[in-house]
Amino acid sequence: MSDANDEWVPFSARRSEAGRQEFVRLSDGVPEWLRESLWNWLSERMHKRALGSNHKWYMTPCEAGIRRAERILKISSGWTSSGDSHPDRIGGLAKFRVALYKNPEAFLGAVDLALSQLDPNAPECDALETVLEEGASAWRVGLVSGRAGLVERIDATVQLAAETTGALEPRAGRLLADAWKHAFSMNRDPSAAYRYAVRAVEAAAAPVISPSDAIPTLGKMISAFRSKPEKWNFSFKVDSAVDPKGVLLGMLQILWTNEYSRHVDLDIQAPLHVSQEEAESAIVLAVTLVNWFVSGSVSRNPAQST
């Protein structure tokens, strides 16, 4: 018998490998099976307390909230209430719903906007995360610039490694966090994500490879490591013809060369045309490299002090 706490898997996923793959596949946008659940969560955020004629409080749709969402998301619900001393807020909310159902990107944007106004530890955030997780959404509840927001859902092991590594060294951790934000938040910037990934590795590696360099760059550190690899120890040992230091150097070169070759102005250090896939790969690579340097896996060889 299976453990009562095991995650339930639909019958279709138990019948075949194709069914299992379909069950675990993440869905971008707002698939049909998530619409009503997401709307129920969002509509609760679009209400406010009002005092009725009987002097009792009740909940009513918030026109100001709907209008703000329209402005920020640059959409129109088609709801007109000007000149009406008692605007039809219920009708306005219904029209806003229709507009979002026609525009999945705006729908996600509205959810993201509502999230940004909540405490990240609020139970409403947990409730939304349950909806997204159960619906196999490609998005989850996370932090964006310190606020609750939608971030792209990735393998939990990779995320845990990034969070653990980021906590080991403050500056490298902040740079990794910035890279993560630009790669996985709703407002993605792959070029910025790649740039911050490189900077995180520079921050972690500089104290080990170039402690006296006032302006250490990954390029200079690669040159130093390549010319005299014996000056550093690498605790990663393998029983094969593969040279661990050569692997480390190759990883550094992949990360640096891919960015360096894209520079238009070397003083600006801004890569161009970085794809989302390249940015994500760079972050995973950076997480490993940062961890090796800040954990002491790569260290200076005392016997090679000069």
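Looking only at residues of region 179-223 that are in contact with a Pro (Cβ under 8 Å, 6 or more places away or on another chain) and among the hydroxyl-bearing types (Ser, Thr, Tyr), we find that the one that is nearest to Leu285 (Cα to Cα) is Tyr194. Restricting region 14-58 to residues that are among the polar types (S, T, N, Q) and at pLDDT 90 or above leaves a set whose member that is farthest from Gly92 (Cα to Cα) is Ser37.
Would you mind finding the one in Ala94, Ala138, Ala127 that is closer than 13 Å to Arg45 by Cβ, surrounded by 13 or more Cβ atoms within 10 Å (Cβ to Cβ) and among the small types (Gly, Ala, Ser)? Among Ala94, Ala138, Ala127, only Ala127 is closer than 13 Å to Arg45 by Cβ, surrounded by 13 or more Cβ atoms within 10 Å (Cβ to Cβ) and among the small types (Gly, Ala, Ser). For Glu133, indicate whether it is under 24 Å from the mean Cα position of the chain (by Cα), assigned to a helix (DSSP H, G or I), outside the structural domain of Trp180 (by TED's automatic domain parsing) and at pLDDT below 90. When the stated conditions are applied, Glu133 passes them. Does region 157-201 hold any residues that are under 21 Å from Ser235 (Cβ atoms) and at pLDDT 90 or above, and which are they? Result: Ala200, Val201. The residue that is farthest from the chain's Cα centre (by Cα), counting only those in region 177-234 that are among the acidic types (Asp, Glu) and within 19 Å of Glu152 (Cα to Cα), is Asp189.
Summed over region 205-254, the residues that are in a loop (DSSP other than H, G, I, E, B) and not acidic (Asp, Glu) give a count of 15. As for region 101-114, it holds no residue that is on the phi > 0 side of the Ramachandran plot, within 18 Å of the chain's Cα centre (by Cα) and among the small types (Gly, Ala, Ser).
The values are calculated or read from the model by the stated rules, or taken from the named source; none is laboratory data. None of these values were measured; they are calculated from a predicted model. Ideal geometry is used to build each Cβ from the backbone, glycine not excepted, and the neighbour counts take in all protein chains shown.
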